[in-house]
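Report on the structure given below.
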Amino acid sequence: MKTRQLLAVLAVTGGLLFLSACGDDNDTRPRPGPPPTSTQPPPPFTNTPVPAVSHTPTNTPNASVSPSLTPTGGPGFEASFTCDVATAYICKGGSNDGKVCRPVCHLQPPGESCNSDEIGFCGGGQCVKGTFFCKGGPLDGQPCTPGVGQPCGEGGRCQNSELSICTELACPTISQPVAGNTRLAVTCDANGCRGELLVRDPNDPFSGFDPVLITGIGMICVRPAAGEVTCPSGRVDCGGGARLDYDLIQDHNIGPCSGNQQCIQMCEAHCQAMNPPRQVAESGCAGWCEGGTRNGLSCGCDRVNFQCFLPECPEGSCAGLDNPSDDRRDICGCQCLEEGGDPGGPGGLNFQIPAQIIVESDSDPYCGVGPVLITLPPQCIPWTTEKMSGVLRIANNKPATQIPPADCMQGPDRIQGCVDGKLVRHGRRVDCDAMKRGDISNLDFVGNISFFDSSIGDIEVELDWFCK
């Protein structure tokens, strides 16, 4: 139950990721091994804080990996490029003129406007809105100014890289531009396509994935997790016609469980029984340790707070709510991913990114500095240039409740949102020749991630990254 604050988006924003995880700080860890034989209680809490910059998990994940998909880029096709994710804010004047920044309002409740530089991002300059782009409509791809009416014409939407969050009650609960300077490396070859977040440059505080603030939750940071979890390769389709959409179905409760190993088996059967069969994205049994020195043992919380006096899953995570009631523990949460959908055009591309979500206190505007509130397990986040859709069912463990809500509506400038009961966003592709040249300025990746049992309940998150 990590603190009762839970992303400012993945920004997975400087970034979110549509990412997906179970639980709040305890969400599912990649396939832990069998429980230890020792039943000794955890050591007493010594009140020694863990350094906030120490994000590397100590448990060794054993993630379930889907088989690699056959690439369709053609014989010998290879492409490698870096996507610098477009930011909505830049410095105007000052010692950091032209660099990305995050305005003070990033640390304030959503909806408040500001362009000052009280925390020194711009070294005496101002942090102002940068370029927004039309997505869809008659002005697709053209710069625009967000505001009243339809700045992109009928069917268009004025936006930049952004993150949107839906809850049981509203969709979006929050939608805000991505700040920071996130970089994504993409490689396609005979083995398929892979994506990897690039690490922050320790000498440049403006590089890397900057946090997104969610009021009541905290700063959401995304860190690279290459080597900690193995993700299946994706595909690139140079000729067109491949079905590269991703669809994620998340069920908060698929039945009672008595540990994570049983939940894994239940989730695998649940996903395979779907039509068409799906791969397991995540699973976790609420009230059981995932990873760490008490992996596989029963737990009630995974951080010390006014309710919990001992860290019950040292170096790991306790799935589900902290101190859950009887009807919120020993239930199996399951997330199932499908690749398919409609045939796409030339240049369609998808892959999964190994990443980890860290939620920090909003006491500092940078990732890796503030106290860590929640640590989710490393996982594979699905990204595509095609369509990303998702739905979270049995939301907040209520049988007839889903996210997005059935009556979900979006503003007049939002052509994407709730479609047929799912949260939907479309990306934008470039052709394979442009990829090989590194000419990816119009490329747009979309993704999805979810949280069960966050401090504001279950949430569904959309991510939308433009390459600049």
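The values are calculated or read from the model by the stated rules, or taken from the named source; none is laboratory data. Source: prediction; values computed, not measured. Positions of Cβ are generated from backbone atoms using ideal geometry, with glycine treated the same way; all protein chains shown enter the neighbour counts.
Some notes on this structure:
- Flag if G149 is farther than 30 Å from E196 by Cβ, in a loop (DSSP other than H, G, I, E, B), more than 22 Å from the chain's Cα centre (by Cα) and at pLDDT 80 or above: no
- Residue satisfying condition, being within 17 Å of the chain's Cα centre (by Cα) and at pLDDT 95 or above, within set T384, T375: T384
- In summary, G333 fulfils each of the numbered conditions (1) touching a helix residue (DSSP H, G or I) at 6+ places or on another chain (Cβ under 9 Å); (2) at pLDDT below 85; (3) in a strand (DSSP E or B) with the single exception of condition (2).
- The residues of region 452-468 that are at positive phi and crowded, with 24+ Cβ neighbours inside 10 Å amount to a single one, D453.
- Sub-6 Å Cβ pairs linking a first residue in region 445-468 that is over 20 Å from G333 (Cβ atoms) to a second residue that is modelled with pLDDT under 85 and of a type in the set (D, E, K, R), at least 6 apart or interchain, are D464/E162; K468/D84, ordered by first then second residue.
- In region 317-330, of all residues being surrounded by 24 or more Cβ atoms within 10 Å (Cβ to Cβ) and not in a loop (DSSP other than H, G, I, E, B), the one that is farthest from the chain's Cα centre (by Cα) corresponds to C318.
For (1) among the basic types (K, R); (2) modelled with pLDDT under 95; (3) within 13 Å of the chain's Cα centre (by Cα), each residue gets a yes or a no:
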| residue | (1), (2), (3) |
| --- | --- |
| G348 | no, no, no |
| Q356 | no, yes, yes |
| E360 | no, yes, no |
| S363 | no, yes, no |
| G368 | no, yes, no |
| C380 | no, yes, yes |
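- Qualifying residue in region 405-421 (condition: touching a Pro at 6+ places or on another chain (Cβ under 9 Å) and either of a type in the set (V, I, T) or modelled with pLDDT of 85 or more (or both)): no
- Filter pass, C334 being buried (at least 24 other Cβ atoms within 10 Å of the Cβ) and over 30 Å from C432 (Cβ atoms): yes
- Checking each residue in region 200-241 for being surrounded by fewer than 24 Cβ atoms within 10 Å (Cβ to Cβ) and at pLDDT 85 or above picks out T230, P232, S233, R235, C238, G239, G240, G241.
Residues are listed down the side, and each one gets a yes or a no for (1) of a type in the set (A, V, I, L, M, F, W, C); (2) under 22 Å from S455 (Cα atoms); (3) in a strand (DSSP E or B):
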position	(1), (2), (3)
Q250	no, yes, yes
I264	yes, no, no
C267	yes, no, no
F309	yes, yes, no
